[in-house]
Structure formats: C-alpha cells, structure tokens
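The values are calculated or read from the model by the stated rules, or taken from the named source; none is laboratory data. The model shown is predicted, which means the values in this text are computed figures rather than measured ones. Ideal geometry is used to build each Cβ from the backbone, glycine not excepted, and the neighbour counts take in all protein chains shown. For accessibility, only protein heavy atoms count, side chains too; no ligands or nucleic acids. Shrake-Rupley method; radii C 1.70, N 1.55, O 1.52, S 1.80 Å.
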Amino acid sequence: MTQSLPGQRPAREEVFTGDPELPVAVIGAGPYGLSVAAHLRARGLPVRVFGEVMGSWRHAMATGMFLKSTPDAVDLSAPEPGGRLADFLRVHGEQELTELTPIPCDVFVRYGQWFQKRYVGEVEPARVVAVDRAADGSGFAVRLDDGQELAARTVVVATGLNGLAHIPQELRRLAPEGPGAEALVSHTSHHTDLSRYAGRRVAVIGGGQSALESAALLHEAGARAQV
C-alpha cells in the first residue's frame, strides 16, 4: 500500500503540527486506518483509533464472498517487515495463496485482526459523530457517540464506504420503515447470511460486481435470483 510505482515520486514526509502532546485521531479501523495507525505508532506519535476492527468486512459482506485482488494487492502497510498476508498465513500454518487462488473475505478479516494486534494495539469501538476545528485553532475537537469529546492534533479519516449505500427513492416506498435485512427492500451491504432467501424469488437490481456476485451467492443459497 505504500510502495511507489516506477516513475512515481516517493511520498513526501508528513510534518505534523499542533500540540505534540495531543493524539492523532484515526477514524476507521479497516485496512487503511490500521495501516496509518501502525506507521504513526511506529514513529512514536500518540494515536487513538476509533471504529470496529475490519467492521465493514465482517458485517457488510455476504458469507462466501471472495476478494477480487491478488494476494500482493491486499497487503496492509506495516512499518517493518513481517506484516504481509503471506506472513500471516505462514505464522498460522495456513496454505499460501497465489494469484490463481481466490481470497475468502473471512481470511482477509482474520489477517486484519492479526495485524491490529501486532502493529496497532488498542482500537476504541466508539463511533465518531463530529469533527470540528478547536476553538483556539490549535487542532481539532472530536466528538464520540457517547457524548465524550477529545482534542486531537490532527485527524485521519479512513471510514471507507460505510454510510454511502444508496437505494433509489422509488424503491424505498416498498419499505416504509426503512430498508434492511428484514425488509422487503435491502442493500447488499445489509447482508452477511443470504440463506434467509432459500426458496424465494429475489430481484437483484444492478449489473456490477456486487450485484452479480450476490446473485450467484443467492443461487447457491437456494434462492431464485433475477438480475
């Protein structure tokens, strides 16, 4: 994730300003948030990481899904050698994955959790609901969902696609109480277990990777899916 490609200039060193005693707040504990936090902590900077470790990968991916990237393209960025996916598999005595081997999402999740414990340390499960400039302009005020507010010298946002799922208004009318796994209308990110649709007809609206793979998984689960 941090290697420069041929012809690219190396990433410049970031200069952190503000009160050095204040932490850097990292919002998000997925692959990017964990990678950033690992490098910050390796440089001796105080860091607070907020989110659920690999949360989207654990709760917004249907069981049976695979990554579409090769093993070398999914390595998290570690501040020292030994943090690649291949290292995780070797440490746990699991079979090496090649470019011809699909990577199950659950393997990627376990890799992220292992990386967090090895390079990042504590991750706070609190949800960040607001970020504002500090009144004195020296940093940021970060507010959590429990009402707690903390000061941060700077903020790294690594929230991924959480909260960006879109369902057209025309379809929302079919779920007056809101779309979701139990409703007539849902988004692919609402599901981890598609077996609930066994024996039922399901319309999958969309023609991209998520729609096509969801249709395949629905078929495997015993549903009649039409894209």
Does the stretch 38-49 contain at least one residue that is open to solvent by 30 Å² or more (accessible area, probe 1.4 Å) and touching a Ser or Thr at 6+ places or on another chain (Cβ under 6 Å)? no
Assuming Tyr111 fulfils every condition listed in (1) open to solvent by less than 60 Å² (accessible area, probe 1.4 Å); (2) at pLDDT below 95 apart from one, which condition is it? (2)
Condition first: without any contact (Cβ under 8 Å) to a residue 40 or more places away in the chain and either open to solvent by 30 Å² or more (accessible area, probe 1.4 Å) or among the small types (Gly, Ala, Ser) (or both). Now tell me which residues in the stretch 67-92 satisfy that. Ser69, Thr70, Asp72, Ala73, Glu80, Pro81, Gly82, Arg84, Ala86, Arg90, Val91, His92
Residue that is farthest from Ser35 (Cα to Cα), among those in the stretch 135-147 that are of a type outside the set (A, V, I, L, M) and surrounded by 10 or more Cβ atoms within 10 Å (Cβ to Cβ): Ser138
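Any idea which of Ala158, Ala215 is surrounded by 14 or more Cβ atoms within 10 Å (Cβ to Cβ), in contact (Cβ under 8 Å) with a residue 12 or more places away in the chain, within 22 Å of Val53 (Cα to Cα) and aliphatic (A, V, I, L, M)?
Ala158
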Of the residues in the stretch 189-212, those that are open to solvent by less than 50 Å² (accessible area, probe 1.4 Å), within 21 Å of Arg172 (Cβ to Cβ) and either in contact (Cβ under 8 Å) with a residue 60 or more places away in the chain or assigned to a helix (DSSP H, G or I) (or both) come to Ser189, His191, Tyr197, Ser210, Ala211
